[in-house]
Amino acid sequence: MVTYIWGNSIKKRAQFSKINNDEEIYIDDMRIACDVIRDGVYCYALEDRLFKKMRVGDFVSYSRIMFDNEATNVKHVKKMLKSVGYRLGLGRKLSALSDSDYLKILFVARAKETTRSVYLNLDGWQFNRKNARRMKKLTEDLSDYSVCVLVSDLRFCKYGDDVLYFGNGELTVVDGEMERKKMSKRKLASLLKTECVSADSGA
């Protein structure tokens, strides 16, 4: 199941980055090193990918060593990576990965047997056809889990099962607002006129 969460990116990050338990994982794009709100101003610092010179296999093993007895087992690591659609070798450096593969690596590095849900913060992805396809493929590769994707553009949301809006600290269902259609002013004026006539007739 895929759920898209729309709304203010700053408030969403502050809320969902708190997630840290055995059943849920929050994955950020890791470009924000730290952030804080002071006097109504959102202040943040950016950084490159952490451990970007490490190789995939080493990073996964290093990250899992404290809770996975097989963290250094190459076959075990390969199996986990394959389960989320990662097809490149263990020797690939983190800096050479696409955004999608990097997110998969971050997920595998933290996922436990008890993990059921993953929250992906993709607010930084701008909408275009390429990114829409990438996002759809990413959620399909993680289909063994319940996937919640944080986005800033409603046009991404048409591939999901549910769309939620995060506002005032609460999630509400968004229905019937995912599609956009551009039309001329003349056609739009005609459409509005028709709706006004229908409303007057029903009064």
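The values are calculated or read from the model by the stated rules, or taken from the named source; none is laboratory data. Bear in mind that the values here come from a model prediction, so they are computed numbers and not experimental data. Note that each Cβ is placed from the backbone with ideal geometry, even for glycine, and that neighbours are counted across all protein chains shown. We work out accessible area using only protein heavy atoms, side chains counted, and drop any ligands, DNA or RNA first. Shrake-Rupley method; radii C 1.70, N 1.55, O 1.52, S 1.80 Å.
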> How many percent of DSSP beta bridges within the range 116-194 run antiparallel, rounded to 5?
Replying inline: 45 percent
> Which whole-angstrom value gives the distance between the alpha carbon centres of the range 68-86 and the range 33-57?
Replying inline: 27 Å
>> Counting heavy atoms of the protein chains only and a 1.4 Å probe, report the per residue accessible area for the range 1-108 as a whole number of Å².
In response: 60 Å²
> If you build the Cα gyration tensor of the range 92-165 and take the root of 5 times each eigenvalue, what three semi-axes come out, in whole angstrom, biggest first?
Replying inline: 20, 17, 10
> Given a 1.4 Å probe, how much area per residue of the range 113-184 is accessible, in Å²?
Replying inline: 62 Å²
> Hey, any idea what % of the range 1-94's accessible area is carbon plus sulfur with a 1.4 Å probe?
Replying inline: 52 percent
>> Please report, in whole Å³, the volume per residue of the convex hull around the C-alpha atoms of the chain.
In response: 167 Å³
>> Could you put ARG116, ARG155, ARG64 in order of accessible surface area, largest first, with the 1.4 Å probe and the full protein assembly present?
In response: ARG116, ARG155, ARG64
> When the dipole is taken about the Cα centre of the chain, and only Lys, Arg (+1) and Asp, Glu (-1) are charged at their Cβ, what size is it in debye, to the nearest 20?
Replying inline: 1180 debye
> For the range 78-83, what does the Karplus curve 6.51 cos²θ - 1.76 cosθ + 1.60, with θ = phi - 60°, yield as ³J(HN,Hα) per residue in whole Hz, taken in order and with x for Gly and Pro?
Replying inline: 4, 5, 5, 5, 5, 5
>> Suppose every Lys and Arg Cβ carries +1 and every Asp and Glu Cβ carries -1, with no other charges. What dipole size does the range 61-173 come out with about its Cα centre, to the nearest 20 debye?
In response: 660 debye
